[in-house]
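Accompanying notes for the structure given below.
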Amino acid sequence: MNKLIAATLMMMLLAGLLAWQSHRWTMVSDCRASGGVWDGTSSKCRLVPARIFIERELL
């Protein structure tokens, strides 16, 4: 009986991890589609900073 409970708990844990992975992939895809960059350490979508290009010899 204890093995059945342990196996059930492990299957539930695995299902939860697979669901979270799918959700995270969706968040990353949405972030990239909107032009952002996914920051994995903080699990947030960050905007790409605007870059300023300076040309030295304009005249």
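Each reported figure results from applying straightforward, stated rules to the coordinates on display, with no laboratory input. These figures come from a predicted structure and were not determined experimentally. Ideal geometry is used to build each Cβ from the backbone, glycine not excepted, and the neighbour counts take in all protein chains shown.
Listed values, structure above:
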{"quantity": "Compactness of the chain as Cα Rg over 2.2 N^0.38 Å, two decimals", "calculated": "2.11"}
{"quantity": "0 to 90° range, to nearest 10: angle between helix 2-33 axis and the chain longest Cα axis", "calculated": "20"}
{"quantity": "Mean ellipticity per residue at 222 nm, deg cm²/dmol - from DSSP H runs of n ≥ 4 across the chain, formula -39500 (n - 2.57)", "calculated": "-19500 deg cm²/dmol"}
{"quantity": "Cβ-Cβ FRET estimate between LEU9 and LYS44, R0 fixed at 25 Å, reported to 0.05", "calculated": "0.20"}
